[in-house]
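Just below is one structure, and these are the notes that go with it.
The values are calculated or read from the model by the stated rules, or taken from the named source; none is laboratory data. Here the structure is a predicted model, which means the values were calculated and not measured. Ideal geometry is used to build each Cβ from the backbone, glycine not excepted, and the neighbour counts take in all protein chains shown.
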Amino acid sequence: MSTETARPVRRVTVPEIRARKGGEPIVALTSYHAHTAAIVDRHAEVILVGDSLGMVMHGMETTVGVPLDLMVMHGKAVVRGTRRALVVVDMPFGSYEESPSVAFRNAARVMKETGCGAVKLEGGARMGETIRFLTERGVPVMAHIGLTPQSSHVLGGFRTQGRDEATWPAHLEDARVVAEAGAFAVVVEGVVEPLAARITAACPIPTIGIGASAACDGQILVLEDMLGLNPRPPRFVRVYGRLGDMIEEAVAAYAGEVRARAFPGEDQVYR
């Protein structure tokens with residue numbers, strides 16, 4: 001009789017993600033609670049607890065109003081629901097811009113209270129000093145350049161970046177600075193395809209595209225968008241399921257049976 005026991009599941013590490021530059025594409029998705037995280041965990045290397053939860057889960061118009069406490073709460077849930085993926089938690093607006101020391105204090109809280117493996121913050125060259133400060137003190141950082149949703153008020157909305165080729169050098173500089181500062185990967189959001197390809201070719205760390213290019217080293221989408229729960233998904237989303245329709249049908253069937261006194265039935269009552 002074999003006495004071999006199953007090996008424990010080991011989480012994907014930051015160095016493993018960084019080493020995927022130019023290799024097999026990295027699969028990443030968002031998740032905000034334990035049940036969906038457990039499903040995504042079986043298929044993705046990276047799970048992002050994105051501040052998009054403010055819009056997706058809480059009905060906010062932008063991500064700007066998301067508080068740090070909310071990120072911590074959802075981060076805890078996702079970590080509890082996972083065993084394998086590297087869990088990255090977004091730093092919300094106002095929690096890291098003031099100074100590197102404030103950023104470290106809040107990032108350390110996020111990591112200690114949630115058990116996540118890294119944090120993500122938005123901004124390119126302007127965040128170089130903060131990224132270096134965090135990484136030198138043991139906080140792994142995923143950067144985020146291109147369309148940065150927390151800056152939507154400054155940008156005038158969720159606008160595609162790089163349509164004017166004269167802006168390309170600034171985006172390339174953003175990628176260079178965050179990589180040199182110590183970020184292990186960088187999300188590239190909402191940029192025109194040739195610019196995304198140029199950034200990926202020039203950047204020494206993996207690029208994770210969202211509305212960018214298949215040339216990126218990986219891809220990420222908001223889970224609810226790709227499952228069809230958003231009635232107006234962004235153009236860059238491919239819908240892989242129609243859960244919104246399924247939920248609507250199920251709720252309508254339940255309501256009909258309750259009104260007809262067909263639920264609960266014999267199998268749903270105690271005798």
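Name the residues in the range 5-56 that are without any contact (Cβ under 8 Å) to a residue 24 or more places away in the chain and of a type in the set (A, V, I, L, M, F, W, C), would you?
Matches in the range 5-56: Ala6, Ala19, Ile39, Leu53, Met55.
Could you check Tyr240 against (1) assigned to a helix (DSSP H, G or I); (2) at pLDDT 95 or above; (3) within 17 Å of Val56 (Cβ to Cβ) and say which number it fails?
Only one criterion is unmet by Tyr240, namely (1).
Could you please find all residues in the range 200-236 being part of a helix (DSSP H, G or I) and under 21 Å from Glu16 (Cα atoms)?
Selection gives Thr200, Ala201, Ala202.
Being buried (at least 18 other Cβ atoms within 10 Å of the Cβ) and either hydroxyl-bearing (Ser, Thr, Tyr) or assigned by TED's automatic domain parsing to the domain that holds Glu61 (or both) narrows it down to one residue among Glu173, Glu224, Glu180; which is it?
Unique residue meeting the criteria: Glu224.
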